[in-house]
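Heads up: the structure comes next, in structure tokens.
The values are calculated or read from the model by the stated rules, or taken from the named source; none is laboratory data. Keep in mind that what you see is a predicted model, and the values were worked out from it rather than measured. Cβ placement follows ideal geometry from the backbone for every residue including glycine, while neighbour counts extend to all protein chains displayed.
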Amino acid sequence: MEKTRSVIRGVGHNVPTQVVTNNDLAKFMDTSDEWIVERTGIRERRFVEPGTTTSDLALPAVQMACERAGVEPRDCDMIIAATLSPDYFFPGIGTVLQSKLAMNHVPALDLRAQCSGLIYGLATADAYIRAGMGKRILLVCSEVQSPILELSNRGRDMAVLFGDGAGALVIEAQPCLNGETPSSKNSVRGIIDSAMGSDGSGAQQLFLKAPGSTTKGFLTQESLDSGDIHPKMDGRVVFKNAVTRMLEVATTVLERNGVSPGEIDLVLPHQANLRINDAVREKLGVSQERVFNNIQKYGNTTAATIPICMSEAVEQGKLKEGNLVLTLAFGAGFTWGCNLIRW
Ligand code: COA
């Protein structure tokens, strides 16, 4: 069988128009622009208007990705969707998008890898393509998190961090001419390598408890009163784990592909905290201008952060054909991972 490679043909994004500044949040809780900027780098985020669903938010992102790829959504033979904030508890947004996009009855696979959604999704798409099980895959990462945040003093540690947003990628199978696969040593476009990890002992360090089967009755008045319906986090534990795991997985992939940090054209890291990204960048030995950050404008949009970064980097001319690109993420689960791509 002829070898195939996975090429990202188009990437798009969509964020809500409503801008919520740090000062806007300070009207609901004891916080300040200074505290949030100093600890996280975030200046503002976007919130959807009430009633906009996660699949709704994704539609313009898919449209943009498809236009840039020169295809229609119905030309894709699979959907992979990553979100922690779906339209319904079940089913996932993959099937909902299939219908809204008027796609054929293709497989729709929903991924629950939280902030690592793009990495896991890209690795999965690449595996399907290399195995000959997909020719053109639509990867959608979308989050509507504003309704689950607790905009009060009790929820302020989480509420200031997150925002809403969506990104989408069209990933296509292309033949490997003369059997030559994408690598850090040639100019063949495609996904070169991916690595992922998880550690479920950290599940309760960053989670949303209810509704869920650990709650007797699934969702109770007590869940509402205690705040179990809002995300909770041990920020310091998550911070330390994020730096350690992102560094570890990036080093593994760079070493096994013979790439020195200086050879990477662009790092597209998850956007949870500017200080996390700075610490990882410094320890990896990559210069500041080679790391793309936009957390200042959008906060943490969970699975959507990396595709939004990708799409904006393309628009700004910072991500060009032939570049060697490293994605990098850590999130709830815990999950983490990276992809090495010849763009
Ligand atoms: N505004 C003002 N004060 C706040 C606040 C807010 N929004 N949220 C918490 N605080 C207070 C706390 O009550 C606490 O007060 P205390 O010291 O009197 O008890 C103090 O600020 C906490 O400070 P500190 O622990 O020094 O904060 P930090 O430097 O660890 O920063 C985070 C907090 C959340 C920004 C940081 O831990 C972090 O980014 N963690 C990882 C986040 C992450 O990656 N999440 C998602 C992973 S995908």
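Taking segment 5-63, which residues are β-branched (Val, Ile, Thr) and outside any loop (DSSP other than H, G, I, E, B)? Walk me through it before giving the result.
Residues of segment 5-63 β-branched (Val, Ile, Thr): 7-8, 11, 15, 17, 19-21, 31, 36-37, 40, 42, 48, 52-54, 62.
If the condition is that a residue be β-branched (Val, Ile, Thr) and outside any loop (DSSP other than H, G, I, E, B), then VAL7, ILE8, VAL11, VAL19, VAL20, THR21, ILE36, VAL37, THR40, THR54, VAL62 are the ones that fit.
For segment 254-275, give me each residue that is hydrophobic (A, V, I, L, M, F, W, C) and either away from the ligand (no atom under 16 Å from the Cβ) or in contact with a strand residue (DSSP E or B) (Cβ under 8 Å, 6 or more places away or on another chain) (or both).
Let us first name the residues in segment 254-275 that are hydrophobic (A, V, I, L, M, F, W, C), namely 254, 259, 264, 266-268, 272, 274.
Of everything in segment 254-275, those that are hydrophobic (A, V, I, L, M, F, W, C) and either away from the ligand (no atom under 16 Å from the Cβ) or in contact with a strand residue (DSSP E or B) (Cβ under 8 Å, 6 or more places away or on another chain) (or both) turn out to be LEU254, VAL259, ILE264, LEU266, VAL267, LEU268, ALA272.
Table: residues versus (1) surrounded by 14 or more Cβ atoms within 10 Å (Cβ to Cβ); (2) in a helix (DSSP H, G or I); (3) out of contact with any Asp or Glu (no Cβ under 9 Å at 6 or more places or on another chain).
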residue	(1), (2), (3)
ARG154	no, no, yes
LYS185	no, no, yes
ILE192	yes, no, yes
SER201	no, yes, yes
THR215	yes, no, no
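Restricting to segment 140-180, name every residue that is of a type in the set (D, E, K, R) and either touching a residue at least 24 places away in the same chain (Cβ under 8 Å) or at positive phi (or both).
Applying the first criterion (of a type in the set (D, E, K, R)) to segment 140-180 yields 143, 150, 154, 156-157, 164, 172, 180.
Matches in segment 140-180: GLU143, GLU150, ARG154, ARG156, ASP157, ASP164, GLU172.
Could you list, ordered by first residue, the pairs with Cβ atoms under 6 Å in which the first is in segment 277-295 and in contact (Cβ under 8 Å) with a residue 24 or more places away in the chain and assigned to a strand (DSSP E or B) and the second is of a type in the set (Lys, Arg) and buried (at least 18 other Cβ atoms within 10 Å of the Cβ), at least 6 apart or interchain?
What qualifies is VAL291/ARG281.
Given the residues ALA168, ALA123, which is the only one that is more than 16 Å from the ligand (Cβ to nearest atom), assigned by TED's automatic domain parsing to the domain that holds GLN63 and in a helix (DSSP H, G or I)?
Numbers: ALA168 fails: in a helix (DSSP H, G or I).
None of the other options fit; the residue is ALA123.
For GLY331, indicate whether it is away from the ligand (no atom under 16 Å from the Cβ), more than 16 Å from GLY41 (Cα to Cα) and out of contact with any Pro (no Cβ under 6 Å at 6 or more places or on another chain).
Details: away from the ligand (no atom under 16 Å from the Cβ): no; more than 16 Å from GLY41 (Cα to Cα): yes; out of contact with any Pro (no Cβ under 6 Å at 6 or more places or on another chain): yes.
It is false that GLY331 is away from the ligand (no atom under 16 Å from the Cβ), more than 16 Å from GLY41 (Cα to Cα) and out of contact with any Pro (no Cβ under 6 Å at 6 or more places or on another chain).
Scan segment 34-52 residue by residue and report those that are within 10 Å of the ligand (Cβ to nearest atom) and either under 23 Å from the mean Cα position of the chain (by Cα) or buried (at least 16 other Cβ atoms within 10 Å of the Cβ) (or both). Outline the logic, then answer.
Step one: filter segment 34-52 for residues within 10 Å of the ligand (Cβ to nearest atom), giving 34-36, 38-42.
Once the filter is applied, which keeps residues that are within 10 Å of the ligand (Cβ to nearest atom) and either under 23 Å from the mean Cα position of the chain (by Cα) or buried (at least 16 other Cβ atoms within 10 Å of the Cβ) (or both), segment 34-52 yields ILE36, ARG39, THR40, GLY41, ILE42.
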